[in-house]
Each structure stands twice: as structure tokens, then as C-alpha cells.
1. What ³J(HN,Hα) values, in whole Hz, does the Karplus curve 6.51 cos²θ - 1.76 cosθ + 1.60 give for segment 375-386 when θ = phi - 60°, with x put for Gly and Pro?
2. Using alpha-carbon pairs under 8 Å, 6+ residues apart, how would you state the relative contact order of segment 150-255 in percent?
3. Multiplying the sequence separation of D368 and S251 by 0.36 nm and subtracting their Cα-Cα distance, what value in nm do you get?
4. Give me the one-decimal nm value for the distance between modelled label points at Q223 and Q110, 7 Å along each residue's Cα-to-Cβ direction.
5. Could you pull the accessible area for E138 with a 1.4 Å probe, rounded to 10 Å²?
6. Compute the acute angle (0 to 90°) between the alpha-carbon long axis of helix 344-358 and the principal axis of greatest extent of the alpha-carbon atoms of the chain; round to the nearest 10°.
7. When only alpha-carbon atoms are used, what values of Rg and Dmax, in angstrom, describe segment 505-628?
8. Between K10 and A93, with labels modelled 7 Å along Cα→Cβ, what's the label distance in nm to one decimal, could you check?
Amino acid sequence: MARLKGFTKKQITDIYEKMSLSRKLDDKMLILLKQGKSFFHIGASGHEAAQLAASEVMKPGQDWSFPYYRDGAYCIGLGMTAREQLLSFLAKADDPNSGGRQMPQHYGHQKLRIVSQSSPTGTQFLQAVGCGMICKMEKTKNIVYVSAGEGTTSQGDFHEALNWASNAKAPVIFHIQDNEYAISTHRSEQTASSIYNMTSGYVNLSRYDVNGVDFFETYLAFQEAVQRARRGKGPSVIVSRVVRLLPHSSSDDQRKYRKKTALAEDIKKDPLSIFESKCINENFINFDEFEKIRIRVNKQVDSDAEWAESQEYPSANTALDHIYSSAEFLGESYPNPISEKVVIVDAINHALHEEMELNNKMIIYGQDIADPKGGVFTATKGLSEKFGVKRVFNSPLAESSIIGTAVGMSVAGWKPVVEIQFGDYIWTAMMQIRNEVATIRYRSNNTWTCPMVIRVPVGGYIHGALCHSQSIDGYFMHLPGIYIAYPSCASDAKGLLKMACRMNDPVLFMEHKGLYRQGYAATEEPDSDYILPFGKGKYVAKGDELTVITWGAMVQKTVEATQLLNLPNNIVDIIDLRTLNPIDMDIIESSVKKTSKVLVVHEDNMTNGPGAEISALIVDKYFQLLDAPVRRVAAKDSPVPFNWILEEKVLPQSQEIADVIEEILEY
């Protein structure tokens, strides 16, 4: 059988048909956009050869893909149909990418293992590394493809991903499609050297620089990189030099910043024309055969577009579906004690041990968490010795890396329980948390999820100064898609953490550093069967005249405040919320009906803090029950200073709480 560079005639015509299909879809979508039938488009025109070269070496449904928004041809190469891409473009209900929830060209396809992608450039790199680490751990010989434009190599996540992938020898193929422009910014303004040179110096990383408009040359690079990855030799970077034949997107006009001569030169590098010429010059396929393919593709796309337009839009009633799993929380079990006293940090440690034994796909990592140190607070002591360094290990000192890789591990079916060493340093991971972790279920219309637990030591009162004392609950309560726990005692910490490890949604698990070893936060230790459902507050004290709503370290501060006032036992309801998402509004309502007066006490800043939202909810729902304004005690709107006299002034103190309690009771 005759072959051209190893390809049969049928393979060549199939590849060309996919290239043509991608090109025609770009053209058709732009027509539909001008007709007002959609509102955004970002095309693959000029990138088709490189993307089809990549898809040719992948195993759809086995290998994993983390594509970027310009990877339309790649997704077609894996098996995504024109109809599926048109459903996405027109935001139809049956769109397999997102059900109309995301902008067009945000690809995702569960059957093809195309993981749901979002808009931030670069977040996909670390996710691909985490997924690749699982492929290696499971010894499947599956590989991971991840791609981006050259502009995204300016993002820190790209370099963090290269570092971890290289160190772990993860089977990841990084495809950088270099069309020279990040919207209007030329590569020369982005990169101090070439991307190929910039990625040097990483052990185990193979690098390729190819003419991306030449399918055959690019295919050879992908073939070699994939073979290398499947043999366990490590990751590769393939820089394919392509052309952008369309503006960055339908919102852009590249004629404003590119010369006509440069645009004309790009047209000469059209990968479809180059592919045709190579085949015709080798007398392998003639012009008429290519023309027949183009005509067939054009008819197909026109027909598919007409079909897609006739499909239903999603119902408005579904707009709030799939923010969280629809599964109900497990019920609370009876806390059979196994010891008379355990402190919070040990209760957390024991919960992790028990859940690791229960779930052999649970994995724990973070900075300094492995033995012999076992975490800076010893919360993970003994775990790596017991379960091995494949399941419990130290991460690089890079918070975005920790969360990004956890996304990739989670979508691959594992349960990452990761530690951010201090809440004060979670901010470099915010892009991953806000735009990836919290949204993947919603944006994929419930086809992709990434349940994980993010353990975060938080809070002050330890002389930790500005960057070891921060309270972060107010920021994260604003974020739909992630549950929040904040225990105040050891038994709650154990029950909530074990529950978090079993939930099918991401959980932010806040641990107050100042409570880790406090005797007043110690309790009897419940056995390994004990779990505590989220959204169930508890009464710490019961009374009839005032409701105090609090959590974390402020529970004890509130108890001390009532002691300072020498109040009888039946005056104040003290409610420990235990979780901040969901909030137990039932216990709040029950208490407010009885007391008609409310104080919210929290450690986060007063302005825009969690107390403001809780107060607003109470006023909105129970205003007619109130006999006094809802009051708050919180930290001052200030960083937390190191000097203990200054720190005491900034953070809430028992006397402050006592003063406000007295004022409300006298109202």
C-alpha cells in the first residue's frame, strides 16, 4: 500500500478532512455571529496542522487532554463532532462542553477525556501535571496533553508546572502554539528569549521546536514525545510555530496592530495549503480529490449548523443547578469516645490516618508535611511513614502548584487532601481556587467534578504578625462552589474533617493555629466511625435573652466574656456555627425567636467580614423577631502587628465582647 511519510491515503484524506472541518467551522461561526446568533468566537485557523499532528498520537478516552480555547481542530481530531462544537457556539442545552454555561471554544468532553477548560490562561498546566502524576502512579501508560499560546508562557503556573512535571517525570506533553501574538502583544515584548531556550535547564524534560504549519514535521515531534512519555521517560515541551489567520477573537481587529504585509505573509503559510501542496507534489492526492473533500465538508457544516440552530436552549430553571453535588450530606453518627482527651491537632492527625485507611485513593501533600517533620504544626505526623511517600509527600513551595495539581488528580478519580501551610499564603492559589476548583462542576454542567480538601491553618493570637495571623473566612464565604468548615474543638475537628474527606465537593477546612493545643479546645476523642455533617451548628451555652453567633477561636472568647459579666447560665445562647458554608440558619432562627437579640462575633475584619453577611441574613429573614439592632464584634480593619500590645488592640478580646453583650442586654 502506497504511503506518504508513513501515512496511507485514507489516513491523509481523514486528516485533511478534519483540518477542513475545523476551518469551515471557524468560517460558519463567524457568519452566525454576524447574524446575532452567538456573541463570541475564537478560532483555530492557522493552527490546524499542529493540532491534528497532536491528536493523531493520542488515544481518545484513555489519554487526558487539557486544551486551550484555540484547540478546535485538536478536539475534532480526538472525535468531537461539528454538531457538538456548534451546540457549544450557540449555547444550547445539549452542548457536551458546558450545556451553554461557558463561552464558545471552552472545550470539555467526558467521553473523550477532554477536561473542562475555563478562561484563565495557564491554569491548565498544573492540572495536567497532577493528572499525569496519577497516570504514573496507576502505571496505565496513559499520557496527558496540555496546550496554550506562547503568551501564556509568561504565567508563573507554566514554569511551576514544568518544574514539577520534570521532577516527577510526569507523562505530560506541553504544546505551545506560537503564533507570535498574545492578542496584540508580540512575542518579543513577552519573552526575553525564545520559548525553546526559556524552557531549558529542567532535568527529564525533552524539548522540540517545529514548523507548526507543516503537519508531517510536527507529527514526528509528537510521535517521539508521546513514545517517550509512555515509556516513563518524562515530559516534553513542543513549541510549534504557527500562524494566526484570524484576529485573536471576534472582539479583536488585528489590522489595528499588524501590517498588511505581515498578514499577507501569514496567508502564504496556511497549513491547509501547505498540506495540499505536499500531497500533490508527491503525486499522492490530486487537487480534485481535495476539492471534493472541501465541498463535502462545506455541505456537512451548513447542515449541522441548521440542525444545531433548531436545538433547545437550556431552561432558565436550571441556571442554579450543579453549583454543588446533589447528594445529601451523610447523617451525624454517635460519637463513641475512644480516649478521654485529645487536642485539635491530634484529632486532625487521627482523622487523616483513619480516612487514608478507608480510601486507598486519598492522597495527602503540601509543604513540609512528610515525615520526619510531619508539618509545621505536626498535623500530618506519621502519615508518610505509615502510607508511603507515594501517597503522602512534600510539595514544592508553591501554593498554586498545590491546588492546581490537586484539580488534575481529582478529575482523574483520586481524593487529594492538601495543606496550605498558612492561610496568609493562599493568595497565589486564588486563581486555581476561584476559577477552577469552585466552578468545574457548574461550568461543565455536572460532567466534571474535583472534590478535594484544602486544609488551611488560620488566625491570630500567636504573635504571628501580618503574615501568620490572617483570617480569611470573609473572602471565601463569598465564593459559591466550595464548602467551608471552621471547628472550635477537637471532636468537631475530627468529625468535620472525616466528613470533608468523604464529600463529593471541594472543602476549605480552616484550622485555627491558636487552638491546636489549647486545653479548653480539647475533648473526648470520638471513634473512627464518627462523622459530623456540614451545616449543623451547636449550642455551647443556652439562654433566653441574647443570641451570640460565633465560630473558631471566638467561641472560647465569647464564653470568657459571659464569665467576665458573671451572667447566670440562662441568659445567653452561644451558637458555634462549625461550618460557614452552609450556615445553619435553622439553629439561628430557633434562637432568635427565643431571644430577639443577636450579636455576631468573628476574628476576620469588621468591614465586609462574615458578620456583615450573617447580620444581613438575620435582618432579611427575621427582622420582625428583633428587639434590638444586630451587633458585631470583630477584628479592627488593620493588619495584625507583631507586638503583643498592638496585637491585642487589633484582635477581638473577651472584654470587648463582654461590653457589647452588656449593651445589648440593656437595650
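1. So the Karplus estimates, Gly and Pro as x, are x, 5, 10, 6, 5, 10, 4, x, 6, 5, 5, 7 Hz.
2. Values: 166 pairs, mean separation 39.3, N = 106.
Relative CO of segment 150-255 lands at 37 percent.
3. Working: separation 117, 0.36 × 117 = 42.12 nm, distance 4.58 nm.
Contour length minus the Cα-Cα distance gives 37.5 nm.
4. Spacing of the two 7 Å Cα→Cβ label points: 3.6 nm.
5. 70
6. On a 0 to 90 degree scale, this one is about 40.
7. Just the Cα atoms of segment 505-628 yield Rg and Dmax of 14.9, 44 Å.
8. 3.9
The values are calculated or read from the model by the stated rules, or taken from the named source; none is laboratory data. Model, not experiment: these values are computed from the prediction. Neighbour counts run over all protein chains shown; Cβ positions are idealised from the backbone, glycine included. Heads up: the accessible areas ignore ligands, DNA and RNA and are worked out on the full protein's heavy atoms, side chains in. Shrake-Rupley method; radii C 1.70, N 1.55, O 1.52, S 1.80 Å.
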